[in-house]
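Visitor: Sharing a structure with you now.
The values are calculated or read from the model by the stated rules, or taken from the named source; none is laboratory data. Because the structure is predicted, anything quoted here is derived from the model rather than measured. FYI the Cβ positions are ideal-geometry reconstructions off the backbone, even for glycines, and counts take in every protein chain you see. Heavy atoms of the whole protein, side chains included, go into the accessibility calculation; ligands, DNA and RNA do not. Shrake-Rupley method; radii C 1.70, N 1.55, O 1.52, S 1.80 Å.
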Protein chains: 2
Amino acid sequence: MTDRLSVIFAALADPTRRAILARLAEGEATVTELAEPFDISLPAISRHLKVLETAGLISRSRSAQWRSSRLEAEPLREATAWMDRYRRFWDENFTRLDAHLKRIQEKP
Amino acid sequence: MTDRLSVIFAALADPTRRAILARLAEGEATVTELAEPFDISLPAISRHLKVLETAGLISRSRSAQWRSSRLEAEPLREATAWMDRYRRFWDENFTRLDAHLKRIQEKP
DNA sequence: TAGGTTCTTAACCCACTCGTTAATTAACGG
DNA sequence: CCGTTAATTAACGAGTGGGTTAAGAACCTA
């Protein structure tokens with residue numbers, strides 16, 4: 001489980017972490033701000049942030065005693081890029097494109 | 001970790017399982033066929049398939065003593081749908097669209 | 001019925017995850 | 001310097017994940 005994609009997907013496989021990302025989509029936030037909606041301890045949040053940071057999904061900066069987190073979407077791009085290989089299996093437009101390509105390939 | 005998206009992402013967070021999906025993109029396959037490229041036991045593969053099935057990423061059928069697995073891409077559609085909420089954070093076209101929408105909103 | 005093939009289930013290990021509380025670090029303000 | 005605020009680190013427990021081997025279930029063929 002050392003590869004990048006696995007780390008990214010594992011980070012996304014937790015509802016608390018996804019909620020944190022959703023919050024960060026609205027702008028940067030400190031740890032206590034991020035912790036506020038949840039019924040879990042600060043250390044737990046701190047660890048979730050560590051996981052997100054390791055996955056590259058957030059970056060962090062500090063000013064005085066506050067540590068601010070910021071959304072970094074690049075890993076999400078990677079994840080969707082991987083899933084795009086399967087798009088033809090669910091996307092109607094892709095299915096049609098597929099069929100079209102096969103058709104024009106049959107009559108040269 | 002009981003929600004659907006978490007189960008899907010967790011299923012994708014393992015390289016063996018992603019490789020199995022890649023293989024299934026080329027067509028149905030039996031358990032031994034799927035196990036062949038890997039250096040792990042058949043029971044281990046069997047469990048990976050269970051995880052994928054629980055996530056809805058594969059469906060299974062049987063004929064005689066063979067159990068055939070088939071790719072089901074619907075969960076991938078769900079996962080990308082979730083990530084699409086963040087597309088504007090990495091997609092240049094989305095960034096431009098965002099800017100455009102803001103512009104036309106400013107001058108009514 | 002017996003024996004072979006395919007696959008799953010059971011039982012077990014070890015490592016890791018997610019939560020806890022308590023202690024520690026770091027920076028601010030009087 | 002002292003106390004407060006913000007956040008992390010440490011130490012622990014319960015549960016889960018991914019692997020193993022051994023045993024069982026389901027189906028075919030002779």
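Visitor: Please give the per residue accessible area of segment B:4-106, computed with a probe of 1.4 Å over protein heavy atoms only, in Å².
Guide: On a per-residue basis, 57 Å².
Visitor: With chain A treated as a Gaussian network of Cα nodes joined by springs under 10 Å, which of A:Glu28, A:Glu78, A:Glu92 yields the largest mean-square fluctuation?
Guide: It is A:Glu92.
Visitor: Positive end of the dipole of the protein assembly as shown, charges at C-beta (+1 Lys, Arg; -1 Asp, Glu), about the Cα centre: which of A:Ile104, B:Trp82, B:Ala55 has its Cα farthest in that direction?
Guide: My answer, from the dipole projection, is A:Ile104.
Visitor: Sorted from shortest, what are the nm distances separating the label point of B:Arg4 from equivalent points in the other copies, each placed 7 Å from Cα along Cα to C-beta?
Guide: 3.0
Visitor: Hey, another quick one. Only protein chains counted, 1.4 angstrom probe. Which residues of segment B:70-108 are at least 20 Å² less accessible in the assembly than when their chain is isolated?
Guide: Correct list: B:Leu71, B:Ala73, B:Leu76, B:Arg77, B:Thr80, B:Trp82, B:Met83, B:Tyr86, B:Arg87, B:Phe89, B:Trp90.
Visitor: Let me ask you something else. Taking Cα atoms, how many degrees apart are the long axis of helix B:15-24 and the longest axis of chain B, rounded to 10 and kept between 0 and 90?
Guide: The angle comes out near 80 degrees.
Visitor: Can you check how the C-alpha radius of gyration of chain B compares to 2.2 N^0.38 Å, as a plain ratio? Kindly include the intermediate steps, with their values, before the conclusion.
Guide: Numbers: Rg = 19.4 Å, N = 108, 2.2 N^0.38 = 13.0 Å.
Scaled against compact globular proteins, the figure is 1.48.
Visitor: Please name the residues of segment B:13-38 whose accessible area, counted over protein heavy atoms with a 1.4 angstrom probe, falls by no less than 40 Å² between the chain alone and the full protein assembly.
Guide: Correct list: B:Ala13, B:Arg18, B:Ala25.
Visitor: Rounded to a whole number, what % of the accessible area of the protein assembly as shown do carbon and sulfur atoms account for, probe 1.4 Å?
Guide: Ligands and nucleic acids excluded, carbon and sulfur reach 51 percent.
Visitor: On C-alpha positions alone, give me the angle between the axis of helix A:42-54 and the longest principal axis of chain A, in degrees, nearest 10.
Guide: 40
Visitor: Using a label position 7 Å from Cα in the Cα→Cβ direction, what is the ascending list of nm distances from B:Pro43 to the same site in the other copies?
Guide: Spelled out, the distances from B:Pro43's label point are 3.6 nm.
Visitor: Might you report the magnitude of the Cβ-based charge dipole of segment A:4-106 about its Cα centre, with Lys and Arg at +1 and Asp and Glu at -1, to the nearest 20 debye?
Guide: 280
Visitor: Helix-only mean residue ellipticity at 222 nm, chain B, DSSP H runs n ≥ 4 weighted -39,500 (n - 2.57), per residue, nearest 500. What is it?
Guide: When only DSSP H runs of four or more count, the value is -17500 deg cm²/dmol.
Visitor: Follow-up. Let me know the charge dipole size of the protein assembly as shown about its Cα centre in debye, to the nearest 20, where only the beta-carbon of Lys, Arg (+1) and Asp, Glu (-1) is charged.
Guide: That gives a dipole near 220 debye.
Visitor: How far is B:Leu97 from itself in the other copies, in nm, if each label sits 7 Å out from Cα along the Cα-Cβ line, shortest first?
Guide: Relative to the other copies, B:Leu97 has label-point distances of 1.5 nm.
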